[in-house]
1. Tell me, what HN-Hα J-couplings in whole Hz come from the Karplus equation 6.51 cos²θ - 1.76 cosθ + 1.60 at θ = phi - 60° for each residue of region 254-260, using x for Gly and Pro?
2. Measuring from label point to label point, each 7 Å out along Cα→Cβ, what is the Thr269 to Phe29 span in nm?
3. Measuring from centroid to centroid over Cα atoms, what is the spacing of region 227-273 and region 114-140 in Å?
4. Using modelled amide H (1.01 Å from N, peptide plane; none on Pro or chain starts), what sits under 5 Å from the amide H of Val354, excluding residues fewer than 5 places away?
5. Just the accessible area per residue of the chain, please: how many Å² with a 1.4 Å probe?
6. In whole Å, largest first, what are the principal axis extents of the Cα atoms in the chain?
7. Suppose R0 equals 41 Å. What FRET efficiency, 1/(1 + (r/R0)^6) with r the Cβ-Cβ distance, do Asp16 and Gln156 give to the nearest 0.05?
8. Sequence gap of 8 or more, or different chains, plus Cα separation below 23 Å: how many lysine pairs satisfy both in the chain?
Amino acid sequence: MTWRLLFICMASVSADLYFPDQVHIALDFQETGMRVTWASEHPSYGASVQYTPVTSPNQQVSNFAYSSLGSWVTFPNLSNPKILVRHLSTCTAVMSGLIPGNFYKYRVGSDLYGWSQHFAFKARKNFTETPEARLLIYGDFGVGIETAATMSRLIQETEDYDYDAIIHDGDFAYDMPDNQGELGDDFMRQIEPIASKIPYMVAQGNHENENYSPHYYYRFNMPSTSKNLWYSYNLGKAHFLAYSSEFMFENYTDFLSQQQVFIENDLSTYNRTQYPWLIVYSHRPLYCSANWSTTYQLNSAPYIQRHNKDCLQDAVTVRNAFEDLWYNYKVDFVINAHVHAYERLAPAYKNQSVPCEYQDQNTCIGAKAPAYIVTGTPGNQESYAPISPTPLPFSMAQDSQWGFSRLTVINETHIYWEQIRSVTKEVSDWFWLIKSKN
Ligand SMILES: [Fe+2]
């Protein structure tokens, strides 16, 4: 090999190590901002995002009007310490001064090490003319063949950029640090087609607690001062609050009390008149019925076992920590996952149904307590929970098919909720939550 060829090979390997990968966006503290995070094998000096307004997401651009420098974080993969521990690097840059509701084209990287492909997104709307906010919601996604149906459906759903956010309610890759973090890389690449165009908002799952936390802390970058553990934002007529339900299980009492301070401060000060709907989300459910678990096993029949822990003892632990908070602050919706099932529960408090002013199978007008959702069926490779033969008395709907949820905050009085089956696109459950006029 000539010296010239060797140099070209080395330069090419070197460029690959710095090339931007796994691009995804998230809402920013500023309503006219959008943050973008990406990964590369090593950090590089001068990496940035370049962005420019366009009239359509398909518009080709050769110049970008704006640029913003990124900030790097490098962290070790802790799951399986070896002599050579892989370090991972992620970079976040904020695109600011965006025109509300306008399309933007962007790319990340640098002249020296190369630029990503061009991506597009729609800047956060100001919701004054059209108050409607639309979100896709699920937890427990995973990587691999089981996720293919949901992934392709989510790509179709987001084709028109017609969503304001995606909420991933914990448990990402089972687990992100596996195989020296490459499973985390695979997961982030898998979601890139949707997460590079719609803000991808996350909550911590049990597969991201303890030693797994660095992946959760640094692969995502929420509008948060707590490494993504708790934060809030507004979309349409709703105030959203993300929190962690893991601290009680890991004995992180400091975090639990810090989070409590944040929640109390946030919920007592945000503008409830402007945002009459209050929606909170975290990974573990306060209420669920599932009591069987089916575990996939390679080359053999699924293993079915009785499994009461999540919905009995652990749900009680979660309720003891949060239920009074949500009830006292008049939360409308509590959205969880963790159990690999779909379930919708009527408004409840202290394990009892609290009747709405009017209530039927698919409607609640004038709720007096939070309604509860479990949405954990996008298709993870771990297990699934069949429909419970012993549902809670206030369980209104269950589904065990692969699927995801769709939330539409229509206006200040109406919310519409749906569960969509990934394979058939059927709506397997739907629900109107309506404020009473009183
Ligand atoms: Fe979980």
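The values are calculated or read from the model by the stated rules, or taken from the named source; none is laboratory data. In this text the structure is predicted, and so the values were computed from the model without any measurement. Every residue, glycine as well, gets a Cβ built from its backbone with ideal geometry; the counts of neighbours run over all protein chains shown. Side chains are part of the model used for accessible areas, which takes the heavy atoms of the whole protein and leaves out ligands, DNA and RNA. Shrake-Rupley method; radii C 1.70, N 1.55, O 1.52, S 1.80 Å.
1. Computed from phi, the couplings for region 254-260 are 4, 4, 4, 6, 5, 5, 4 Hz.
2. 1.2
3. Each part's Cα centre sits 22 Å from the other's.
4. Long-range HN contacts for Val354: Ala348, Tyr349.
5. Numbers: 18710 Å² over 438 residues.
I get 43 Å² per residue for the chain.
6. Reported extents, whole Å, longest axis first: 78, 55, 45.
7. Details: r = 32 Å, r/R0 = 0.77.
Approximately 0.85, to the nearest 0.05.
8. 23
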